[in-house]
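These notes concern the structure reproduced below.
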Amino acid sequence: MEYHRFHRYSLRNQLLAMSQCLNRGITPGPIATCPEWERLGRHVMRGQQALILCAPITRSREQENQDVGEDDGRGDLMTEKRVIRKNSVKRNQPAVFFVYRARWFVLAQTDGAEIPPVNVPSWSEDLALAVLGIRRVRFEHNDGNVQGYATPDGNIAINPVAALPHKTLFHELAHLLLEHANDDALPRSAREAEAEGVALLCCEALGLEGTEYARGYLQHWLQNDALTETMTQRIIATAQRILAAGRGHERG
């Protein structure tokens, strides 16, 4: 089970976007066009220069003979050597080639409402992070479908446009507290099931939305297997630790 709010860009385009961000001093992040950012409740800030990515274009044989460097009326078509696919050589088949267009922007080039910390009457995200000694750092992943991740230095990053940021927060905290990054013997399916089990218990305990998604995600990783006794104990203990930290009951 995965989130697909963003288009999945090829590795080549992700590297292309990353290099442009680094050259311009822009923080890397999720990639989208102006309309896609607006759909997500954000807008591209004034004066921002679009990133250039490679896009496939399909044209008829008549159109193929036209100048592909000609502006398409939106002022964003960049001339580039055409790459015609070999399976499009027949007269009546459309030609597929690639051009470089400047129409994409990363998260740092947009503005919009920031996701507030998770604060409910009985639990505080800021307090929990302080008690657990974990920092929330800037999200710098190009794939906007990635909801969050734990960093190698023991911190977490949450996608500012995450579908369920609080559930993602609990999930990533669980990965850190369970030391999944250092446990090569535990299969990924078990690590993800444990982390989502923690997120499920935390959401249920605090009355937050997303429990139905957490259950589905948990079943996805279990693949109809049952949680072992050891996994269940680890999930419960970790959820209790996170909940206690956010209530100020755990120190250190």
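Structure values in brief
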{"read-out": "Criterion: β-branched (Val, Ile, Thr) and under 30 Å from Thr33 (Cα atoms) - qualifying residue of Val131, Val118, Val198", "value": "Val118"}
{"read-out": "Scope segment 116-135; condition assigned to a loop (DSSP other than H, G, I, E, B), surrounded by 15 or more Cβ atoms within 10 Å (Cβ to Cβ) and touching a residue at least 12 places away in the same chain (Cβ under 8 Å); matching residues", "value": "Val118, Ile134"}
{"read-out": "Wholly enclosed helices (runs of 4 or more DSSP H) of segment 149-252 bearing at least 2 residues surrounded by 14 or more Cβ atoms within 10 Å (Cβ to Cβ), among the β-branched types (Val, Ile, Thr) and on the phi < 0 side of the Ramachandran plot", "value": "229-246"}
{"read-out": "Output for segment 30-69, where each listed residue is farther than 15 Å from Gly112 by Cα, modelled with pLDDT under 85 and assigned to a loop (DSSP other than H, G, I, E, B)", "value": "Ser60, Asn65, Gln66, Asp67, Val68, Gly69"}
{"read-out": "Sole exception among (1) touching a residue at least 24 places away in the same chain (Cβ under 8 Å); (2) over 22 Å from Ile158 (Cα atoms) for Glu172, by number", "value": "(2)"}
{"read-out": "Residues located in segment 147-169, provided they are free of Cβ contacts under 8 Å to residues at least 40 places away in the same chain and either of a type outside the set (Gly, Ala, Ser) or not assigned by TED's automatic domain parsing to the domain that holds Arg215 (or both)", "value": "Tyr149, Thr151, Pro152, Asp153, Asn155, Ile156, Thr168"}
{"read-out": "All positions within segment 200-245 that are of a type in the set (Gly, Ala, Ser) and more than 13 Å from Leu177 (Cβ to Cβ)", "value": "Ala205, Gly207, Gly210, Ala214, Gly216, Ala226"}
{"read-out": "Selected residue (only one of Ile84, Ile134 is β-branched (Val, Ile, Thr) and modelled with pLDDT of 90 or more)", "value": "Ile134"}
{"read-out": "Candidates Val89, Val120 - the one that is at pLDDT below 90 and not assigned by TED's automatic domain parsing to the domain that holds Asp183", "value": "Val89"}
{"read-out": "Options Leu227, Leu186, Leu200, Leu206; residue that is at pLDDT below 90 and over 25 Å from Asp153 (Cβ atoms)", "value": "Leu227"}
{"read-out": "Conditions (1) over 30 Å from Leu218 (Cβ atoms); (2) modelled with pLDDT under 80; (3) exposed (fewer than 11 other Cβ atoms within 10 Å of the Cβ): number failed by Asn23", "value": "(2)"}
{"read-out": "Any chance Gly112 is crowded, with 20+ Cβ neighbours inside 10 Å and modelled with pLDDT under 90", "value": "no"}
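The values are calculated or read from the model by the stated rules, or taken from the named source; none is laboratory data. A quick note: this is a predicted structure, and the numbers were derived from the prediction, not measured. All Cβ positions, glycine included, derive from the backbone under ideal geometry; neighbour counts span all protein chains shown.
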